[in-house]
Amino acid sequence: MGADPFLVEVTGRSGLLDATPLDLTSPDLGGHTRQHDAAFEALDGALCRIRDIINVGIDALNQAGLGLRKLPEGSLEELLVMPLTGDYRRIRQNALATGQFRDALRTYSENATLLSVAASPRWGGQAAASFLLRVNGHAVAARGLGLLVAEAAPLFEVVADQSERLAVEVEELVMELLERGERVVRKLLSRVAGPAGWATFAAELAVKGFDAVTDIIEDIERILWIIDRLLEMKGEVTAWVEEQRERLSILLDLLDLVRRELPGGSGGGGGGGSW
């Protein structure tokens, strides 16, 4: 059977089956959009390599029946940073998925419209009217859903950006914590080394007071502040995400829109049946 001239003229297609395919492939994991702490990334990579080597040794020992627990998989960022800040990579993946879903809804709406237009003009009566009502209802609902989804995609990006900004802050704080901690240890060891170390240190404190250890005190106070900041951060992130969750509640309107717009839905016209 040849192509319907009316169908070709109106839709530019030779058959009902050559609709635009829906692209719903699995989205890639999101990456970095900010400059991360280079020292932290170097430390992360080094620790991962050390962990992998140790786990190889643990496997060998376990084969001999020792039964040791392996070191945890995952990077330092995944184990330490993301529990505080959220996984911005996954959030960006959700943003990509939302964009793909939006595009798929637009394609579905266009395909449904083409299907409606492709109905032969010689077809009439209640059957044709019912068919056109249902197909056009699908097209309208898909367009409405696409508009709602399009509103959600940028919100995921906002959440991901904030999450990554906090991740960079955590990385910098962790590196400063390590640096100041090592410095305090070095200073203490240099002052108390040897048999008379503690006695000399105590005498210095007795003569000069806390002025003798001002640098150590400042480093320790900064370390305590960093620890407090890291502990506070999770609460801040939780509160901030709750605010964004309310903005993302727009997605909860999807079901209501489907029911309202689709013929045959629980809230739409067009008779019985379910979509």
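I need the helices (runs of 4 or more DSSP H) fully contained in region 18-126, keeping only those with at least 3 residues that are charged (D, E, K, R) and open to solvent by 60 Å² or more (accessible area, probe 1.4 Å). Output list reads 38-63, 88-117. Pairing residues of region 125-150 that are polar (S, T, N, Q) with residues that are assigned to a helix (DSSP H, G or I), at Cβ distances under 8 Å and at least 6 apart in sequence or on separate chains, gives Asn136/Ala112; Asn136/Thr113; Asn136/Ser116. Do we find that Ile91 is out of contact with any Gly (no Cβ under 8 Å at 6 or more places or on another chain) and modelled with pLDDT of 85 or more in this structure? No; evaluated as a whole, the condition is false for this residue.
The values are calculated or read from the model by the stated rules, or taken from the named source; none is laboratory data. As the structure is a prediction and not an experimental result, all values here were calculated from the model. When we count neighbours, we look across all protein chains shown, and the Cβ atoms used for this are built from the backbone with ideal geometry, even at glycine. For accessibility, only protein heavy atoms count, side chains too; no ligands or nucleic acids. Shrake-Rupley method; radii C 1.70, N 1.55, O 1.52, S 1.80 Å.
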